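Working notes for the structure below.
The values are calculated or read from the model by the stated rules, or taken from the named source; none is laboratory data. Treat the numbers as computed from the prediction; the structure is a model and nothing was measured. Cβ atoms come from the backbone with ideal geometry, glycine included; neighbour counts cover every protein chain shown.
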Amino acid sequence: MMYKFTLLILFSCVSLYAGTIHIAVSANVTFPTKVLKKEFKKLHPKTEVKVTFGSSGKLTTQIINGAPFSLFMAANMDYPNNLYDYGIATTKPIIYVQGALVYFSVNKMDFSKGMKLLKEKKISKIAVANPITAPYGKAAFEAMKNAGVLENTMPKFVYAKSISGTVSNALNLTDIGIVAKSSLYAPRMKKYKENINWVDLDPRLYTPINQGIVILKTGENNNDVKAFYDFILSDKAKEIFKSFGYFIPYNR
C-alpha cells in the first residue's frame, strides 16, 4: 500500500511539471517575449513557458555551469555558436531576428548632430551596456569607434550588465543612452517621441546584430521545446518581432 502511495505521489509531481519548459532569453527581447508567450499559448495551451531574462554573456555562463535551460534566445550569434561548438547546444544556431540601436534621452535632444552630440559638454553621462557581456553594448562601442567619438566619450560612460539595465540608467541616471530599439515599446517608454527623445542610430556604423536561437542539451528530444523553437521561427513570430522594432533576416 505504501509503495502504491509513493508511486502516486511521484506521478503527481511529474504531472505537475509536465509540459513546462525553461528558456533563457536575452534582455532585449523582454517585451516581445510576453506577446510571443501569449500567442504560443493559444496553439499549445498545455505547455507552460518559464523565462529567465539577462545579458547573453551571463546567461551563457549559467548554461555552461549547468543551469537547466532547454532553449536559448541570445542577442548575437557568438554565444550560441560557442555553445554549439562545445556540444551544449544540439541545434546549429539560426538567426531569428536582427536588432537595432537608438539614441535615447528623457530630455529633448538635437539628434541631427549624430554621434557628435555625445561629445558635447552638456552630455556628462552616457548609458551603455557592457560590451563584454551584452552584444548591444558591443555594437554601441563599434558604432562610436567608427564615428570617431569613442575615445572622447568613454569617461562619460555609465555601464550596465544588460541592455535592460542600460535603459534604466538612461531613464534615471544619465543624459542620454544607446539602447535597443525594442526597449522603446515598453509601456513606460511610450510617452517618449521619435526625433525628440530618440532616433535610430545609423546602422551603417555597426555590424548587424544577428540574434541566434538554439535548443540546448536539456531540451533535446523534447516536443514542447521543439514546438516553441518552431514557433519563434514562424511567420506569426516574425510579425510580432517586426512590431517591436526588429528586422527579419531574408536568409532565415
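A few points about this structure:
- Selection status of LEU83, buried (at least 16 other Cβ atoms within 10 Å of the Cβ) and in the same structural domain as TYR229 (by TED's automatic domain parsing): yes
- Of the residues making up the range 63-73, not a single one is under 22 Å from ASN169 (Cβ atoms) and outside any loop (DSSP other than H, G, I, E, B).
- Test: residue in the range 77-89 that is farther than 19 Å from LYS161 by Cβ, of a type in the set (Gly, Ala, Ser) and either touching a Pro at 6+ places or on another chain (Cβ under 7 Å) or modelled with pLDDT under 95 (or both): yes
- Any hit, the range 164-171, residues being on the phi > 0 side of the Ramachandran plot and not hydroxyl-bearing (Ser, Thr, Tyr): no
- Residues (acidic (Asp, Glu) and in contact with a strand residue (DSSP E or B) (Cβ under 6 Å, 6 or more places away or on another chain)) located in the range 197-235: ASP200, ASP224
- When the range 187-204 is filtered for residues that are surrounded by 15 or more Cβ atoms within 10 Å (Cβ to Cβ), aliphatic (A, V, I, L, M) and outside any helix (DSSP H, G or I), the ones remaining, listed by number, are VAL199, LEU201.
- Taken over the range 205-252, the criterion of being part of a loop (DSSP other than H, G, I, E, B) and free of Cβ contacts under 8 Å to residues at least 12 places away in the same chain is satisfied by ASN221, SER234, TYR250.
- Residue that is more than 17 Å from ASN76 (Cβ to Cβ) and aliphatic (A, V, I, L, M), where the choices are LEU150, LEU201: LEU150
- Residue count for the range 1-53, restricted to those that are more than 21 Å from the chain's Cα centre (by Cα), part of a helix (DSSP H, G or I) and modelled with pLDDT of 95 or more: 2
- Annotation: of all residues in the range 157-166 being touching a Lys or Arg at 6+ places or on another chain (Cβ under 9 Å) and in contact (Cβ under 8 Å) with a residue 40 or more places away in the chain, the one that is surrounded by the fewest Cβ atoms within 10 Å (Cβ to Cβ) is LYS161.
- Residue pairs whose Cβ atoms lie under 7 Å apart, separated by 6 or more positions or on different chains, with the first residue in the range 29-45 and basic (Lys, Arg) and the second not in a helix (DSSP H, G or I), are LYS37/VAL49.
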